[in-house]
1. If you count only protein heavy atoms and use a 1.4 Å probe, how large is the accessible surface of Thr201, to the nearest 10 Å²?
2. Taking the radius of gyration and the Kirkwood hydrodynamic radius from Cα positions alone, what is the Rg/Rh ratio for the stretch 77-223, to two decimal places?
3. In whole percent, how big is the carbon plus sulfur part of the accessible area of the chain, probe 1.4 Å, protein atoms only?
4. Which of the lysines could a cross-linker bridge to Lys173, judged by Cα under 22 Å and excluding same-chain residues fewer than eight apart?
5. Report the accessible area of Leu195, computed with a 1.4 Å probe over the heavy atoms of all protein chains in place, in Å² rounded to the nearest 10.
6. What number comes out for accessible area per residue over the chain if the probe is 1.4 Å? Units Å², please.
7. Once you have the Cα-Cα distance between Lys355 and Ser318, take 0.36 nm times their residue separation minus that, and quote the gain in nm to one decimal.
8. Need the full-extension length gain, Ser309 to Glu28, defined as separation in residues times 0.36 nm minus the C-alpha distance. One decimal, nm.
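The values are calculated or read from the model by the stated rules, or taken from the named source; none is laboratory data. For clarity, every value in this text was computed on a predicted model and none was experimentally measured. Heads up, the Cβs are rebuilt from the backbone with ideal geometry, glycines too, and the neighbour counts pull from every protein chain shown. These accessible areas exclude ligands, DNA and RNA; they are computed on the full protein's heavy atoms, side chains included. Shrake-Rupley method; radii C 1.70, N 1.55, O 1.52, S 1.80 Å.
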Amino acid sequence: MKKLKLTTILLIVFTLFAENEDIRKIIESPLTAFNEGELYCINPLQSLYETNKLNLFWDNENLANSFIDTLGQAKWEGLDPDDYHYSYLSSNFKSNDPGSKALRDVLLTDAFLLYANHLLSGKLNPDDLHPEWNTKRRYEDITSLFRRSAGTIQLFTELEKIKPQQKGYKELKNKLKYFFSLKNDIKQVVTKGNLIKPGMTDNRMPLIRKNICIIENNKLASPSDSLMYDDELTETVKQFQKRHGLRNDGIIGDNTIKMMNLSIYDRIGKIKVNLERLRWMPDEYGENYLIVNLADYKLSLFKKNQLISENNVIIGKSYRKTPIFSDKMTYLVFNPTWTVPPTILKNDVIPAVKKDINYLKKKNIRIFKNDPTNINEVSVESIDWSNITGNNFPYRLVQDPGPNNSLGEVKFMFPNKHNIYIHDTPDKTLFQKEEKNFSSGCIRVEKPLELAEILLKDNLGWNHEKIENIVSSRKETTVIFPKPVTVHILYWTAWVDNAGIIQFRNDIYDRDKDVLAGLKGKK
């Protein structure tokens, strides 16, 4: 082996020490490390490089370049590559400059830590957007993950492992790529107006035809009369309505036009928002679980990850939004009584009684002294209602079981701090509405006795006949589940269904914009 010249040895030593010195300066001044931005994972960066004696982690050029390419692919996760120094890393490296090499190394490590965290549990903290959010999020020690796999291709394997493993996440990512590939976009919006029924003519039809062909990515034959709403377009509109949660009757009204006017970029935004929401969720939802998608007005029951049944639901009004959270359903109650909650008491019941003293009797609501026993009943006439408000009402109002009870014939209980539960309703007609946000926050479910029968199927002795007998008795009856059922109350405005078709829903609670703004904003 040839002996190295002294000048060569000195050059190597100088270069190593120069790199160490540059790394030290960078991690000691992370907010001014480079003129294109700042470092974000400051504490773990300092810990990692100190443990590594200020040496480089990314001196393998192929590995470094492959990871930079991976950062460029963050777009397909619904994330912004430039959140992870992508533009700077892909264009500013000078291999013969120790300072540039050290800066790139730190930026790569910072990018990995931040990107891995965002893939693991989201870029945003859902608690900041939805204070009631209490779903258990996924956790991994990203610093330890990097330390054990730095400098090896295992880094890429680890990144794939920490991505959400839900089938729905992967399918939604594929749809994101599809919408990015569409070259046409909606340039003009269709104005709202009178209903357009099949066979009618309307001046808006040429634009409707153009916009729906863009969204559905198909071509329709040109009709002899461009203003005519013909049969071919009717079938396309019905298909469009179905995958937007609208009544698929082919009649074009304001709700159909509103969804039709969503541009390709609006839809890309919706997909990004819902990919982020999926990153907030655990990979496993439980052995048996219910998902209530508020934006879809739908309750879905799963057993061993198989969809068993679906029910329409009515949710909270826009000013009494149903919260987003997860909890455990532990029991149900047939023929429940209903204790009027404070908000409804103050805003609805007391004003109604002041207008009509017989209101409570008509509703089968009794008045009790404010204790949980419901023994000491008070007559409506004995109260001076003129001086009563929601803030000074010293009684409890309880509605007896029966066909007109506000909770209907059964309620499903998952005790939570929001006092939200799922229940029947005497007003069945509301389930036929296109929009179903009419409640005061709780969730009303269609065909609740069928749902109860499915949930109690594995309970010894429970069947359809027994349930019918108990309901007919009008006697309040509580049934405890042997195993709790996890309930996830969620808000998805875009997802891929079991047939592989992407579904979009109206943002009824106006929640998407805050998530989208957060995804576009500072890290």
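1. Thr201 has an accessible surface of roughly 80 Å² with all protein chains in place.
2. Rounded to two decimals, Rg over Rh is 1.16.
3. Working: 13030 of 26260 Å².
Using a 1.4 Å probe with all protein chains present, the chain comes out at 50 percent carbon and sulfur.
4. Qualifying lysines at Cα under 22 Å: Lys75, Lys123, Lys161, Lys163, Lys183, Lys242, Lys270, Lys272, Lys513, Lys520, Lys523.
5. So the heavy atoms of Leu195 present about 100 Å² to solvent.
6. I get 50 Å² per residue for this part.
7. Numbers: separation 37, 0.36 × 37 = 13.32 nm, distance 2.61 nm.
10.7 nm is the gain from fully extending Lys355 to Ser318.
8. Gain on stretching Ser309 to Glu28: 95.4 nm.
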